[in-house]
Amino acid sequence: MINTAIFMGRLTADPELRHTSSDTAVTSFTVAADRSYVKTGAERQADFIDVVAWRSTAEFICKYFKKGQLIAVQGSIQTRNYEDKNGNKRKAVEVVVDQAHFAGPKREQEGGNFAQPGDGFQEITADDDLPF
């Protein structure tokens, strides 16, 4: 059987790292993924996808991703049944992350910082004696 989900979108909130009672790292967050089509005269719609990451993947996401940042996720769809606080039976559908990747521009990953003079780059002056 095949159960693979691959999508890209923006985090709706900062991911928060939690630990289970057995000290396993976990985070859950929501990704807003724009739909690829727009109905004539309407605004583009987005789907809000619930995502769960475990162990080192959860730690990686919490360390490097923030609200509004683009993330590319590869994982599998998982469903689970639970009972809410009012005793109603509910079903949750979420993507369990296998891999997460940066999807936005580099400056987005670094908080919008651009290279500044003195950052280890030096200007090369024009030289007509270059061998190429």
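The values are calculated or read from the model by the stated rules, or taken from the named source; none is laboratory data. What you see is a predicted model; the values in this text were computed from it and never measured. Cβ placement follows ideal geometry from the backbone for every residue including glycine, while neighbour counts extend to all protein chains displayed.
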Can you confirm whether the stretch 25-33 contains a residue that is touching a residue at least 40 places away in the same chain (Cβ under 8 Å), in a strand (DSSP E or B) and not hydroxyl-bearing (Ser, Thr, Tyr)? yes
Filter the stretch 13-48 for residues that are loosely packed, with under 15 Cβ neighbours inside 10 Å and among the β-branched types (Val, Ile, Thr); which is nearest to ALA72 (Cα to Cα)? VAL38
Cβ contacts < 6 Å: first residue under 22 Å from ARG55 (Cβ atoms) and at pLDDT 95 or above, restricted to the stretch 1-18; second residue among the polar types (S, T, N, Q) and surrounded by 12 or more Cβ atoms within 10 Å (Cβ to Cβ), any location; separation 6+ or different chain. Result? ASN3/SER76; ILE6/GLN74; LEU11/GLN69; PRO15/THR27; LEU17/THR27
Of the numbered conditions (1) modelled with pLDDT of 95 or more; (2) farther than 30 Å from MET1 by Cα; (3) surrounded by 10 or more Cβ atoms within 10 Å (Cβ to Cβ); (4) not hydrophobic (A, V, I, L, M, F, W, C), LYS63 satisfies every one except a single condition; which is it? (3)
Residues of the stretch 43-92 satisfying the condition of being within 16 Å of the chain's Cα centre (by Cα) and basic (Lys, Arg): ARG55, LYS63, LYS66, LYS67
Got a sec? Which of ILE49, ILE61, ILE71 is assigned to a helix (DSSP H, G or I) and under 19 Å from PRO15 (Cα atoms)? ILE61
